[in-house]
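Input: a single structure, listed below in C-alpha cells.
The values are calculated or read from the model by the stated rules, or taken from the named source; none is laboratory data. A quick note: this is a predicted structure, and the numbers were derived from the prediction, not measured. Cβ sites come from the backbone with ideal geometry, for glycine too, and all protein chains shown count toward neighbours. Just the protein is used for accessible areas: all its heavy atoms, side chains included, with ligands, DNA and RNA removed. Shrake-Rupley method; radii C 1.70, N 1.55, O 1.52, S 1.80 Å.
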Amino acid sequence: MRTSLSRLFPAWLALLLACCLALLAACGGGGGHHPPAATTGSLAVTIGGLPAGVAGAVTLSGPASYSKLLTASTTLTDLAPGAYTLSAASVAQGTGTLAPTPVTQQVQVYAGATASASVAYAATAPLALALQEVASGLSAPIFLTAPPGDSRLFILERPGRIRVVQNGNLLATPFLDISTLTTTSGERGLLSLAFHPQYASNGYFFLYYTNLAGDIVIERRQVSAGNANVADPLSALAILTIPHPTFSNHYGGLLSFGPDGYLYAGTGDGGSAGDPSGNAQNTNVLLGKLLRLDVNASTVAQPYAIPPGNPFATAGGRAEIWAYGLRNPWRYAFDVPAQLLYLADVGQANWEEVDVRPVGQAGNNYGWNIMEGARCYSSSGSCNQAGLVLPAVEYGHDTAGGCSITGGYVYRGTALPELAGQYLYSDYCSGWLKSFSYSNGTASTVTDWGITNVGNILSFGQDAQNELYMLSGTGKVYRIVHK
C-alpha cells in the first residue's frame, strides 16, 4: 500500500524538496557541466632523413615573438593560435651536407587542434669552392675589411693607400693615402686597418704601418664629416710607436678589435733569422708579441690605457702584452661564436703553424724561439716545452707544403653554410686554400679545396657579412664562393 509524501515528510520539508527540484530543472537537469573552450593548440613537427647522431636545424617562429630551435621530431603544445613559420638550415655530416626540404613553410595552429608539418633532410653533392674576382689592378693588396654593418669593402695597398669597393666598383679616389709616410722596403708598408666597433657613430679607425725609419706605428684616424668614402687627412692621433731597429722583416701587422672591445696588435720578433735579439721570449719588449690596448677614450695625453686582465700589468714585463713567444704572426682571427683565437705564426726554415687558444686566456707563450712548430728549434734537438702552446695544425716546407703561412678566418657567413666553423688559411708561396675545424682541443683532418693558380696569397679578408676573401700578389681580390 502506497504512503503519501505528506504522511512521511513534514510540510516544510516537502516544500524545500520541491524548490530544489525546480531549481535543478531550471539549471538544465542533472546532465553535468560543459568544459571551458580551448585557448591553445599543438603542432607536431616531423624531421626526417637524419642519420643517428646528426641533429637537425629547424627554427619555428610565430606569434608574440615565439622562437624555438628544433633538432629532432617533436610535438609542441600550448601554442598560441596563429601562423607559424618553419625555417630549416642545412647541417654537416662529416665532409658532406644534408639539405632540408622545404627550406621554409608556414602552418596555421588553431585552438583545440593539432597541426602538423614535416621537414626531410637528404644528402647533397659535396661542397666545392671557387674564387670569384671582385677587384683587380691593385698594388700589393695586403688586407681587406669593412666597418660593422657596412656593404662596402676597404682594401689596403701595401704602398700606403686604402681603396673602397662600393656596389661592385673600385672607386678611383682612395679612402686614405699615406704613401709619403711609409715604404715597401723589405716587409714594410701599410699592413692593416681596424674599424672601431662604434665606427658608425664615432668614425674612428686604426692603422698599423711602418714609418720611414722602419718602426711600427699604430695610429687612430677618422672619416671626414662630409664624405663617407674619404678619411679626414688631418685626424691622425698616434697611439703607439714600437722601435724595430736593424732588420726590415718580421713586422707582424694585424690590428683587430676582440670580442671584449679592446684593440689587439700582433708584432713580429724584430727580424733576421732565429730572433738574434731574443725579443720573442723577452716580456720587457713589445716585439714578438700579441698586444692588448684600451683605445676607447684615446687622447693626446693618454693615447691608450691598459685593460684589466693583461698578464704583466702588475707583475713585471710590459703591461701592453697579452701573449708572447711569436716569430711573425702575420694574421690571427677571433672566432666569437666559439670564443677561440686562431693565430697563424710564420715559421723559420721548416715548419708553419696555427695555434688555437680560448679568447680570454691571457699570458700564453707560443714558444718561439724555443720551438718552431711542435719541434725544438735549437740545434741540440732538446728543449723544455713546459708551459708552451703547441700548434693545433702545422705543415712543413716541402713540395706539397709551402714557405710562409697566410692565416685566415673561421667561416661564419651565410653564403656557404656547409663551411660554417671551418678555419681557412693559405700559404704565400703555394697559394692553396685549406681548412680545418677545431673542437674539444683537437683539430679535424685538414681539407684541401683544390684552389690553384691565383698567385702569392698576401692575406685573407672578411667583410661585414662575414664572407671571406683571398688577396693575391697579382693585384686581384677574390671572394670565396660555391663552385
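What the table shows:
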| read-out | value |
| --- | --- |
| Tally, over region 112-151, of residues that are surrounded by 14 or more Cβ atoms within 10 Å (Cβ to Cβ) and either assigned to a loop (DSSP other than H, G, I, E, B) or basic (Lys, Arg) (or both) | 7 |
| Sole exception among (1) within 26 Å of the chain's Cα centre (by Cα); (2) at pLDDT 95 or above for Ser444, by number | (2) |
| Residue within region 286-308 that is open to solvent by 10 Å² or more (accessible area, probe 1.4 Å), in contact with a Gly (Cβ under 6 Å, 6 or more places away or on another chain), closer than 26 Å to Phe460 by Cβ and not aliphatic (A, V, I, L, M) present | no |
| Residue among Leu69, Leu76 that is assigned to a strand (DSSP E or B) and touching a Leu at 6+ places or on another chain (Cβ under 6 Å) | Leu76 |
| Options Ala315, Ala319: the member that is modelled with pLDDT under 95, over 16 Å from Gly258 (Cα atoms) and assigned to a loop (DSSP other than H, G, I, E, B) | Ala315 |
| Some residue of region 327-341 being open to solvent by 30 Å² or more (accessible area, probe 1.4 Å), within 24 Å of Ser277 (Cβ to Cβ) and modelled with pLDDT of 95 or more | yes |
| Output for region 343-361, where each listed residue is buried (at least 17 other Cβ atoms within 10 Å of the Cβ) and of a type in the set (A, V, I, L, M, F, W, C) | Leu343, Ala344, Val346, Trp351, Val354, Val356 |
| Some residue of region 196-204 being in a loop (DSSP other than H, G, I, E, B) and open to solvent by 40 Å² or more (accessible area, probe 1.4 Å) | yes |
| Residue list for region 402-420, restricted to those being modelled with pLDDT of 95 or more, part of a loop (DSSP other than H, G, I, E, B) and of a type in the set (Gly, Ala, Ser) | Ser404, Gly413, Ala415 |
| Residues satisfying the stated conditions in region 375-409, i.e. among the hydroxyl-bearing types (Ser, Thr, Tyr) and surrounded by 16 or more Cβ atoms within 10 Å (Cβ to Cβ) | Tyr377, Tyr395, Ser404, Thr406, Tyr409 |
| Filtered residues of region 154-194 (kept if of a type in the set (Val, Ile, Thr) and not in a strand (DSSP E or B)) | Thr173, Ile178, Thr180, Thr182, Thr183, Thr184 |
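Yes or no, residue by residue, for (1) aromatic (Phe, Trp, Tyr); (2) out of contact with any strand residue (DSSP E or B) (no Cβ under 8 Å at 6 or more places or on another chain); (3) closer than 14 Å to Gln361 by Cα:
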residue	(1), (2), (3)
Leu290	no, no, yes
Leu293	no, no, no
Val300	no, no, no
Pro303	no, no, no
Phe312	yes, no, yes
Tyr324	yes, no, yes
Arg327	no, no, no
Tyr342	yes, no, yes
